[in-house]
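Here's the structure, in structure tokens; my notes come after.
Taken together, the values in this text are just the output of simple stated rules run on the coordinates, not laboratory data. Bear in mind the structure is a predicted one, so any value in this text is a computation, not a measurement. Note that we place each Cβ from the backbone using ideal geometry, even for glycine, and neighbour counts take in every protein chain shown.
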Amino acid sequence: MNRSVRLTNYTRLLIITLLLTTTKSWAQDTLRSGKVITNAQMIGIGTVNILDTYISPEIYRGSELRYVSHSTRENGSKLSHELIHHAQLTFAKNRVRNNQEVGGYYNFQYNWIYELGKWNLGKGELNLKAGGGVDVLTGFLYNTRNANNPAQGYARLNIAPDIIAAYSFRLWKRSIQVRYELQTPLLGVMFSPNYEQSYYEIFSRGNYDHNIVFTTPFSAPSLRQMATIDFTLHHTTLRVGFLGDYQQTKVNGLRQHVWSNLFLLGIVRKFSINKIIP
């Protein structure tokens with residue numbers, strides 16, 4: 001009977017030891033393989049300046065509403081990834097305010113970012129990063145009074161370098177980060193009709209005329225910059241900032257631009273994704 005009791009106790013002790021060892025191993029492997037995603041969901045409100053000579057030779061000015069999702073994926077190395085989505089609506093009128101243009105655009109960016117270095121500066125830390133990636137834009141612009149060429153469609157793909165500077169410090173016992181990001185297209189390809197060429201000619205009659213155009217900084221001098229401040233308030237990280245988005249092209253005898261100046265307000269969340277290594 002005593003031998004049976006001792007055997008049972010040894011078995012229980014062995015099971016407990018194995019469980020503790022396995023749990024500890026899982027925890028260690030989980031910590032070693034963790035990934036961090038920082039996501040900011042923002043709303044932008046501001047002014048817009050629009051010109052598209054395919055629709056009208058006049059400049060239209062008005063308001064813009066934009067949604068921005070900005071995600072950074074880090075895995076503990078110097079290389080990180082950015083995924084950025086922009087969805088924007090524009091409402092603009094001409095100089096005499098008797099005509100309106102309505103626009104809708106979607107922009108997606110995927111960037112590979114490399115950390116150049118970190119430096120202690122004052123009471124904080126300065127972090128510089130650089131990289132680049134793919135910038136895709138689609139959209140439309142509709143003129144509410146035009147009979148001929150009332151609308152224009154957009155499709156554009158760019159290769160765009162990117163630079164980021166972030167300064168982190170503490171103020172009034174709160175963590176604060178000031179961040180600036182600049183992106184400008186280097187090479188690209190876009191769709192554009194020619195001057196006085198209708199969409200009916202292109203798509204119904206098949207009369208293509210250099211409608212797929214390669215772009216450079218000379219034909220499409222554009223840039224997008226974003227300056228933000230992150231701070232914590234009642235356990236929630238808020239982001240406020242400014243977005244300047246200046247997109248323009250001059251191809252096929254047509255001039256186009258959409259210049260946006262927006263105030264940003266959003267929420268920042270950070271996630272840790274842990275992977276258990278068997």
### Query
Assigning unit charges at the beta carbon (Lys, Arg +1; Asp, Glu -1) and nothing else, what dipole magnitude in debye, to the nearest 20, does the chain show about its Cα centre?
1600 debye
## Note on the structure
Here, VAL189 and ARG174, labelled 7 Å along Cα→Cβ, have an inter-label distance in nm of 4.8 nm
### Task
Just subtract the alpha-carbon distance of ARG205 and VAL96 from 0.36 nm times their residue separation and send over the number in nm, one decimal.
35.5 nm
#### Entry: Label-point gap, in nm, between PHE242 and TYR67 - each point 7 angstrom along Cα→Cβ
2.7 nm
### Task
Go through SER175, SER69, ALA92 and say which Cα lies farthest out towards the positive end of the charge dipole of the chain; charges sit on Cβ, +1 for Lys and Arg, -1 for Asp and Glu.
SER175
### Summary
Across ASN149, ASN49, ASN207, the residue with the highest GNM fluctuation in the chain (Cα network, 10 Å cutoff) is ASN207
### Message
Once R0 is set to 22 Å, what does the formula 1/(1 + (r/R0)^6) return for the Cβ-Cβ distance between SER198 and LEU89, expressed as a FRET efficiency to the nearest 0.05?
### Response
0.25
### Query
Over the chain, what is the relative contact order in whole percent, taking alpha-carbon pairs under 8 Å and six or more residues apart?
19 percent
### Message
Strictly over 31 Å apart at the Cα level, which of LYS250/LYS270; LYS78/LYS123; LYS93/LYS270 would you flag in this model?
### Response
LYS250/LYS270; LYS93/LYS270
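Give the longest segment of the chain that steers clear of trypsin sites (Lys or Arg not before Pro) in DSSP loops with at most 16 neighbouring Cβ atoms within 10 Å, not counting the sites themselves.
After excluding every exposed loop site, the longest remaining stretch is 1-77.
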## Note on the structure
With only helices counted (DSSP H, runs n ≥ 4, each -39500 (n - 2.57)), the per-residue ellipticity at 222 nm for the chain, to the nearest 500, works out to -4000 deg cm²/dmol
#### Entry: Projected label distance in nm at TRP112 and ALA155, using a 7 Å step from Cα toward the beta-carbon
2.6 nm
### Residue with peak Gaussian network fluctuation, the chain [Cα springs, cutoff 10 Å], from ALA147, ALA166, ALA130
ALA147
### Message
Could you compute the longest span of the chain free of chymotrypsin sites (Phe, Trp or Tyr not before Pro) located in DSSP loops and having at most 16 other Cβ atoms within 10 Å, not counting the site residues?
### Response
1-171
### Message
Between helix 2-32 and the chain, what is the angle of the helix's C-alpha long axis to the longest principal axis, kept within 0 to 90° and rounded to the nearest 10?
### Response
30 degrees
